[in-house]
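Structure first, commentary second.
The values are calculated or read from the model by the stated rules, or taken from the named source; none is laboratory data. As the structure is a computational prediction, the values presented were derived from the model and not from experiment. Neighbour counts are summed over all protein chains in view; Cβ atoms, including those assigned to glycine, are modelled from backbone coordinates with ideal geometry.
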Amino acid sequence: AKSAQLGPGTVLRSATPDGVVQEIWAQLIVCHLTRALMLHAACGADPPLAPERISFRRAQSLTRSDVRPDLSPL
């Protein structure tokens, strides 16, 4: 299955090689955390679900909508 982390047409913002590496690591961490949340949700369901039955894109969407309101601007 193919998934898009950043969405269509999104370009990395970093202007330096170190910044690009940092952005890639951040994306990998977010992907890993999303998968961990999916596993937690699947195991906590009644009855438990197979984690692969949960949509990655839907999990991303729910996570974004749940987290973003609490983030304060820098």
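From the set of residues in segment 1-28 that are within 18 Å of Arg57 (Cβ to Cβ) and modelled with pLDDT of 80 or more, which is surrounded by the most Cβ atoms within 10 Å (Cβ to Cβ)?
Looking only at segment 1-28, we keep the residues that are within 18 Å of Arg57 (Cβ to Cβ), and these are 1-10, 27-28.
Now drop any that are not modelled with pLDDT of 80 or more, which leaves 27-28.
On the way: Gln27: 13, Leu28: 11.
Per the stated criteria, the residue is Gln27.
Could you say which residue among Pro51, Pro69 is surrounded by fewer than 10 Cβ atoms within 10 Å (Cβ to Cβ) and either modelled with pLDDT under 90 or within 14 Å of the chain's Cα centre (by Cα) (or both)? Working first, answer last.
Working: Pro51 fails: surrounded by fewer than 10 Cβ atoms within 10 Å (Cβ to Cβ).
Just one listed residue meets the conditions, Pro69.
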